[in-house]
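The values are calculated or read from the model by the stated rules, or taken from the named source; none is laboratory data. Every value quoted in this text rests on a predicted model; they were computed, and no experiment measured them. Quick reminder, even Gly has a Cβ in these numbers, built from the backbone with ideal geometry, and neighbours come from all protein chains shown. Surface areas here come from the heavy atoms of the whole protein model, side chains and all, with no ligands, DNA or RNA. Shrake-Rupley method; radii C 1.70, N 1.55, O 1.52, S 1.80 Å.
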Amino acid sequence: MKKNAFCGLIFALAISATISAEDGIASQAESEKSKTVESQKENEKKRVVLTVDQAVDQALASHVDILRSEISKNKSEREYKHSWNKVLPSISAGLEGSSSAATDSPADTTTTYGAGLTASLSIDLGLSSKIKALKAAYKAGQTSYEDTIRSTESAVRQTFYKLLNLKAQISTSQDTVDSYERTYNQTKAKFNRGQASELELLTAQVNYETAKPDLDTAHSNFVNALIEFLNDIGWELKEGEIVDLEGSLEIADSVSEIDGKILQNAVSNSATVKELELKIEEAKANKKSTWASDRLPTLKVTGSYYPWSKSYVKESDISTDTSSWSASVGISLPLSNWIYGSSASDEIAALDDTIKDYEIQLKDAKNTAFTEALEKLNDIRLAKQTLATRKMNVELAKKSYQMTEEAYNRGTKDLLELQTSLDKLHSAEVSLKEEQYTLICDVLDLEEKLGLDFGAFFNKESADTTNTETSSATAKAGV
């Protein structure tokens, strides 16, 4: 009886201890879960989603090339708008004083002092041409600034999609690791059943372990490129901040058909062509200005007015207050500049050579602009065809790998065949992403060459659908 009671007590204590232990484990698990939730909430607070348009806006506001180009533009604009100051006279105020005496009569000293204004004006007949040259320089600065904005926007967009490509490589590398891990576990199970050799097991393990560093490298390449990109666009990365890129390379599927007639805009919108046209305009204005300044007369007008002047003779103790004015007009003609072989003649000849050189460059630039646009259009058409083939290759490689994996599990395919099939699949996936990135960059290049808004050749509805489908996934994946 006592023995049964004692056993019952022991059993009750054991149950109580078990319940207490389970409660402790449950409490600890709940605590860990709570910490995880809090950590996730904290990360979400630090998480920032960055789209390609937001990256462009950030770059346009702070990119160093744009800021420097804006300074040059403002300088040329100021010089042109203030060119009228070249017809302003030079005006100065002066205070003069003098003292004189004869050497044989030092006591006869005369002291004179006074205050007044002096003005002079030189009228150069080449002034109008100088103003035209300043206007051409201003237009060139404005064009250069606009081209810098467009080239910067194109570069930012292309780099953004390059980052998406690098991020896709992380996903592919992760798939490779997962596939090799699954293959290793399958081979290990077959080895335990005596269906696989030790060499096959070792090979599967080597493949699995080798794939891990490749994943780390892919992640490191992406993070480093992202940090460099954020620095280029002027993004101040805060400590602990997580930047998510929202977008997808699938936007390549939304590229619309491009009519070849639009290439007619390539020449007129070429940055090089516009720059050379303005250089020719500026050089011609400089030639006219130089010729007029070196060959034509220059008119100079000078005047002075002293409203107050005092003269004092020491010996006679007489002082006199007077006012005075003077004016002069003169014309000068640089006759030496008309001599053949003079430096002025050589300067004008050098400007003629510069204009001819610019005109040769302009003709070549027009041909090059059209040719490059045509080549880029052909690249786009080829990339679209290649992209369709890449997609088909991915589907075929997926099916081949699935069938090979099933056959390997049945023992009708060996490990080498499975590995080869997996490598082909991942190679096809990488080639697909690379082709999507190439097509996107080609389209952006053509839009820049034609002076069109970026995104003009992308079907907006299709692109918006693509971004909507991928944004939630990228937001969860993080950097």
Flag if Ala140 is of a type outside the set (Ser, Thr, Tyr) and crowded, with 19+ Cβ neighbours inside 10 Å:
yes
Here are some residues: Thr203, Thr110. Which one is touching a residue at least 12 places away in the same chain (Cβ under 8 Å), more than 29 Å from the chain's Cα centre (by Cα), in a helix (DSSP H, G or I) and farther than 30 Å from Glu275 by Cβ?
Thr203
Evaluate the following for Leu351: is it modelled with pLDDT under 95, open to solvent by less than 60 Å² (accessible area, probe 1.4 Å) and in a helix (DSSP H, G or I)?
yes
Tell me, yes or no, whether segment 131-146 has at least one residue that is in contact with a strand residue (DSSP E or B) (Cβ under 8 Å, 6 or more places away or on another chain), within 28 Å of Lys449 (Cα to Cα) and not aromatic (Phe, Trp, Tyr).
no
I need the full set of residues from segment 266-285 which are assigned to a helix (DSSP H, G or I) and open to solvent by less than 60 Å² (accessible area, probe 1.4 Å), in order please.
Ala266, Val267, Ala271, Val273, Lys274, Leu276, Leu278, Ile280, Glu282, Ala283, Ala285
Out of segment 363-384, which residues are acidic (Asp, Glu) and open to solvent by less than 90 Å² (accessible area, probe 1.4 Å)?
Glu372, Asp379
Any idea how many residues of segment 370-408 are touching a Lys or Arg at 6+ places or on another chain (Cβ under 7 Å), aliphatic (A, V, I, L, M) and in contact (Cβ under 8 Å) with a residue 40 or more places away in the chain?
1
Note: among Ile262, Ile331, just one is open to solvent by less than 50 Å² (accessible area, probe 1.4 Å) and at pLDDT 75 or above, namely Ile262
From the list Glu77, Glu70, exactly one residue is open to solvent by 60 Å² or more (accessible area, probe 1.4 Å) and at pLDDT 75 or above. Which is it?
Glu70
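Each row is one residue, and each column tells you yes or no for (1) of a type in the set (Val, Ile, Thr); (2) over 21 Å from Leu164 (Cα atoms); (3) part of a helix (DSSP H, G or I).
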| site | (1), (2), (3) |
| --- | --- |
| Ile380 | yes, no, yes |
| Tyr401 | no, yes, yes |
| Leu425 | no, no, yes |
| Ala428 | no, no, yes |
| Ser431 | no, no, yes |
Given the residues Thr320, Thr298, which is the only one that is touching a Ser or Thr at 6+ places or on another chain (Cβ under 8 Å), on the phi < 0 side of the Ramachandran plot and surrounded by 12 or more Cβ atoms within 10 Å (Cβ to Cβ)?
Thr298
Which residues, taken from segment 113-131, are at pLDDT below 80 and open to solvent by 60 Å² or more (accessible area, probe 1.4 Å)?
Tyr113, Ser122, Ile123, Leu125, Ser128, Lys130
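Conditions tested, residue by residue: (1) open to solvent by 50 Å² or more (accessible area, probe 1.4 Å); (2) closer than 19 Å to Pro213 by Cα; (3) touching a Lys or Arg at 6+ places or on another chain (Cβ under 6 Å); (4) not in a helix (DSSP H, G or I).
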| residue | (1), (2), (3), (4) |
| --- | --- |
| Ser144 | yes, no, no, no |
| Thr148 | no, no, no, no |
| Thr152 | no, no, no, no |
| Ser171 | yes, yes, no, no |
| Thr183 | no, yes, no, no |
Restricting to segment 242-265, name every residue that is part of a helix (DSSP H, G or I) and aliphatic (A, V, I, L, M).
Leu249, Ile251, Ala252, Ile262, Leu263
